[in-house]
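Participant: Handing you a structure now.
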Amino acid sequence: MIYFDNNATTAMDPQVRETYQEALVHFGNPSSVHGPGRQARKLLNESREKIAELLKVKDSTLTFTSGGTEALNAALLGSFLPEPGGGHLVVSAVEHHAVLAASQFLERMGVEVTRVPVDPQGRLQVDQVALAIKPHTKMVAVMWANNETGNIYPVQAIGALAQSRGVLYLCDGVQACGKCELSLSELPVDFFAASAHKFHGPKGVGLLYMRDGLSAEPHLWGGRQERGRRAGTEHLAGIVAMAEALRLAQSGQKEKVLALQKLRDRLEFGILAEFSGARVLGDRENRLPGTLNILLPGIQGETALVNLDRAGIAISIGAACESGSVDPSHVLLAMGLEENEAASGLRFSLSKDNTDAEVEVALKTLSEVLKPLTSSI
Amino acid sequence: MSQVLDKKRVVCAMSGGVDSSVAALLLKEQGYEVIGVTLKLWDPPQGTTFKHTTCCSVEDITDARRVADQVGIPFYVFNSKTPFKEQVVNRFVDEYLKGRTPNPCAMCNDKVKFSYLLEKAYELGAYYVATGHFARKAWNETQNHWELYCGDDPKKDQSYFLFSLNQEQLEHTLFPVGEMTKEQVRALATEHGLKTRAKPESQEICFVPQTHGAFIEKYAPDKIGPEGDFVDEQGQTLGRHKGIHHYTVGQRRGTEVAEGQRLYVKSIDPKTQKIVMGPDATLWGNGLMAKGVRWVRPVMSGTQITARIRYRHEGAAAVVHLDATDQVRVEFKEPQRAISPGQAVVFYLGKEVLGGGWIERGAP
């Protein structure tokens, strides 16, 4: 199986897996006072320090969560719910469902929500965000990089805008973390979310960065873990493994990003050469290195996905729903695509695990499997 | 499309019910390369008490997926909401608004299962689509064409819903449970421990959780007609009704019967929104006219056949007269009750399905 769905999840790095397994030995509860507890607490603190150093932030700004969705919900609900019926939230139309669905919930709770549109390449104009900010706006949420198109958004400019207008900035960094250069303390970002399994770490663990001095109400209530910000016994082995995964992702990152970009471009040019009329979706000038979303003329997303799966290539399309059927992608719809097109953008997301040889095989398979579906239309 | 179709590859439509589960199992045992597919036709209303009673619920799809795992076949869900909405649900609603009684299952077979899904199967290189319908097909060597027959279980026969299948569709269709009884299907599912072995029968109209009237009011609130009058055959007003979309021909009027005899819906006039009521004796008709007629095996005008005018109708001896290419008149030997415009009339010769059409109107 050639795995080209790394924006959905990545395989755990063997070294991370080893770290994870070693950490499982430490069964103590980090909140316990005794020896095993202290040992666990030590590992937890070391991991927090390690991640803080990698993200260039103070360790006290990091809260461990069960993943990106929880981190984003914590920032949104924790900022808005304490003031019932109040406030205004600005989100981009292409945010992940973790932000969009949570903002819909907040809307039902009386929060006013404005969704900022994107252009046909999925780009967001900072001016449009500025126009959306009102006197009672509390927060702006614009992701660092989009999971479907790979588009990278102007975090610096949006953060600066938010700061100048006295508004909080929530940045969903789930796709960026491990792939982009992150120096959070130098950026005007108030909240930042990441998830370990997107950068070859384990599933079920993530983090929320909250700028020093900021506070938000907890979204989970119980014990005093994570300085009272997130109740519940920590997923210690996961956190230890996440720290190691982030270290590995960031070591030699520049070279890895270039190599990944080269690999993606090879796939992209190969497909464009083979399928006349193919259209790359998103901002080709400013994308994540491993992401390619492409529309092939006359090819339905569902059948392409199934045919490729059966031929041993894993990709994704649209937005998976609860039942496992695929709805048109809200991101592609926001870019102005027709419903049918928005369910047919084929997303290839590559990682360090993919090779030149895989790209070659994939190009050959794509041609064999999908070409017959395009001809004589 | 130049996709090569593989005669050993079959897309099995799996609803999450026991019949299609067993269909998948049988095909796998017969050595086919089976791809299980559930068509996601409809989003059941969220947060309502009907959640578990409509089709395409997460539970049904989870069941289909589990059965596919048990049988050992790959499984996918295809989003078919757009064709279903356009070809089935919208037409269902429009028919009721015109005072007719639609048959959405036959529409769905025609426009979705054996057309949309068949196209998908072709795109996957599969020669066949299989379903869990209780029906059979047979190749007629001398005539060189496919014939369609009732399923062998008389209680479960679903051939009525399949009258519109053409030769290409029949060529590319498999009915693996057509020669079984429901009891045998359940027994086989039980023997193999399939998750759906004890699942109750699905309801008649999969997307309508309550009454069709309530569904239409919710689905098309701006299209429904106003309240109107119940009238008798002489045009005398008998009372008020809730809007014609609530009623079907042959239905007994609620509880407000004051005339001393039971009254039934005799006809519905969408122009005046009036519903004509009459005693049972006035509901019986000697014939009908049908449009959109299609033949699996064409017959000569004047042929004696058996006609079924609704799914649960046992069939009545009749003569069919061909009026135009797709239009027929049917004369029954004995009068039939509640001939409902919008329903399918399906023609049989013994167990064989000859064809059918959509009832346009009854004839006196």
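Read-outs throughout are calculated quantities, based only on the coordinates presented, and are distinct from any laboratory measurement. Note that the structure is a prediction, hence the values are computed from the model and not measured. For neighbour counting, all protein chains shown are included, and Cβ atoms are generated from backbone atoms with ideal geometry for every residue, glycine included.
Participant: Just to be sure I understand the curve: with the Debye formula and one point per C-alpha of the protein assembly as shown, what is log10 I(q)/I(0) at q = 0.05, 0.07, 0.09, 0.11 Å⁻¹?
Facilitator: -0.34, -0.64, -0.95, -1.19
Participant: Based only on Cα atoms, what mean projected area does the convex hull of the stretch A:154-218 have, in nm²? Don't skip to the answer; put the middle values down first.
Facilitator: On the way: hull surface 19.7 nm².
About 4.9 nm², averaged over all directions.
Participant: Oh, and also: So how do B:Asp222, A:Asp13, A:Asp309 line up by other beta-carbon neighbours within 10 Å, fewest first?
Facilitator: Details: B:Asp222 4, A:Asp13 20, A:Asp309 14.
Ranked by crowding around the Cβ, least crowded first: B:Asp222, A:Asp309, A:Asp13.
Participant: Normalized C-alpha radius of gyration of the stretch B:36-164, against 2.2 N^0.38 Å?
Facilitator: On the way: Rg = 16.6 Å, N = 129, 2.2 N^0.38 = 13.9 Å.
Compactness ratio reported: 1.19.
Participant: Now, a different point. Output the direction-averaged projected area (hull surface divided by four) of the convex hull of the alpha-carbon atoms of the stretch B:205-349, in nm². Numbers along the way, then the final one.
Facilitator: On the way: hull surface 42.1 nm².
Computing the convex hull of the Cα atoms and averaging its projections yields 10.5 nm².
Participant: Over chain B, calculate the relative contact order: mean separation of alpha carbon pairs under 8 Å at least 6 apart, over the residue count, as a percent.
Facilitator: Relative contact order comes out at 16 percent.
Participant: Quick check on the exposure proxy: order A:Ser344, A:Ser47, B:Ser202, B:Ser57 from fewest to most C-beta atoms within 10 angstrom. Please report the intermediate quantities before stating the final value.
Facilitator: Values: A:Ser344 28, A:Ser47 25, B:Ser202 16, B:Ser57 20.
Arranged by neighbour count, lowest to highest, A:Ser344, A:Ser47, B:Ser202, B:Ser57 become B:Ser202, B:Ser57, A:Ser47, A:Ser344.
Participant: May I ask you to work out the translational diffusion coefficient for the stretch B:212-296 at 20 °C, viscosity 1.002 mPa s, via Stokes-Einstein with Rh from the Kirkwood sum over Cα pairs, reported in whole µm²/s? The partial results should precede the final answer.
Facilitator: On the way: Rh = 14.2 Å.
In µm²/s, the coefficient rounds to 151.
Participant: Once the cut-off is 30 Å, how many percent of the Cα-Cα pairs in chain B end up in the long-distance tail?
Facilitator: Values: 27929 of 66066 pairs.
Tail fraction, whole percent: 42.
Participant: Let me ask something else about it. If you average over every viewing direction, what projected area does the convex hull of the Cα atoms of the stretch A:80-163 give, in nm²?
Facilitator: Numbers: hull surface 21.3 nm².
Computed as one quarter of the Cα hull surface, the answer is 5.3 nm².
Participant: Do any GluC sites (Glu not before Pro) in the stretch A:262-325 lie in a DSSP loop with no more than 12 other beta carbon atoms within 10 Å, and if so, which?
Facilitator: Working: sites: A:Glu268, A:Glu274, A:Glu285, A:Glu302, A:Glu322; in loops: A:Glu285, A:Glu322.
Within the stretch A:262-325, the qualifying GluC sites (Glu not before Pro) (loop, at most 12 other Cβ atoms within 10 Å) are A:Glu285, A:Glu322.
Participant: Please report the Cα spread of the stretch A:1-114 along all three principal axes, rounded to whole Å, starting with the longest.
Facilitator: In descending order, the Cα extents are 48, 46, 25 Å.
Participant: Hey, got a sec? Which trypsin sites (Lys or Arg not before Pro) in the stretch B:206-243 land in a DSSP loop and have at most 16 other Cβ atoms within 10 Å? Intermediate values should be presented prior to the final figure.
Facilitator: Numbers: sites: B:Lys218, B:Lys223, B:Arg240, B:Lys242; in loops: B:Lys223, B:Lys242.
Qualifying residues, ordered by number: B:Lys223, B:Lys242.
Participant: Between the stretch B:305-360 and the stretch A:104-123, how far is it from one alpha carbon centroid to the other, in angstrom?
Facilitator: 55 Å
Participant: Under 10 °C and 1.306 mPa s, how fast does the stretch A:253-352 diffuse according to Stokes-Einstein, given a Kirkwood radius computed over C-alpha pairs? Answer in µm²/s, whole number.
Facilitator: On the way: Rh = 14.1 Å.
Estimated diffusion coefficient is 113 µm²/s.
Participant: Which semi-axis lengths, in whole Å and largest first, follow from the square roots of five times the eigenvalues of the Cα gyration tensor of chain A?
Facilitator: 35, 27, 17
Participant: Once amide H atoms are built 1.01 Å from N in the peptide plane, which residues 5 or more positions from B:Ser267, or in another chain, come under 5 Å H to H?
Facilitator: B:Val276
Participant: Another question about this same structure. Over chain A, what relative contact order in percent results from Cα pairs under 8 Å that are six or more residues apart?
Facilitator: With pairs under 8 Å counted, the relative contact order is 22 percent.
Participant: Related question: Can you work out the base-10 log of I(q)/I(0) for the stretch A:188-319 at q = 0.13, 0.20, 0.23 1/Å, using the Debye formula on its C-alpha atoms alone?
Facilitator: At q = 0.13, 0.20, 0.23 Å⁻¹ the computed log10 ratios are -0.82, -1.22, -1.40.
Participant: Quick one: of B:Lys81/B:Lys137; A:Lys50/A:Lys352; B:Lys137/B:Lys291; A:Lys352/B:Lys40; A:Lys42/A:Lys203; A:Lys134/A:Lys254, which pairs are farther than 32 Å apart, Cα to Cα? Please list the in-between numbers first.
Facilitator: On the way: B:Lys81/B:Lys137 29 Å; A:Lys50/A:Lys352 22 Å; B:Lys137/B:Lys291 25 Å; A:Lys352/B:Lys40 36 Å; A:Lys42/A:Lys203 22 Å; A:Lys134/A:Lys254 39 Å.
Where the Cα-Cα span goes over 32 Å, the pairs concerned are A:Lys352/B:Lys40; A:Lys134/A:Lys254.
Participant: I'd like to know how the stretch B:73-227 sits against the 2.2 N^0.38 Å rule of thumb: what's its Cα Rg over that expected value? Intermediate values should be presented prior to the final figure.
Facilitator: Values: Rg = 17.8 Å, N = 155, 2.2 N^0.38 = 15.0 Å.
Rg over 2.2 N^0.38 Å, computed on Cα atoms: 1.19.
Participant: Just counting partner chain Cβ atoms within 10 Å, what average do the residues of peptide A:299-311 show around their Cβ? Before the final figure, lay out each step's value.
Facilitator: Numbers: counts 1, 4, 1, 9, 10, 1, 1, 9, 4, 0, 2, 7, 0.
Neighbouring Cβ atoms belonging to other protein chains average 4 per residue here.
Participant: Using only the C-alpha atoms of the stretch A:97-249, find the volume of their convex hull and express it per residue in Å³. Don't jump to the answer; show the numbers that get you there.
Facilitator: On the way: hull volume 19.6 nm³, N = 153.
Spelled out: Cα convex hull of the stretch A:97-249, divided by residues, is 128 Å³.
Participant: Regarding the stretch B:201-257, what are the three Cα extents along the principal axes, ordered largest first, in Å?
Facilitator: 41, 29, 16
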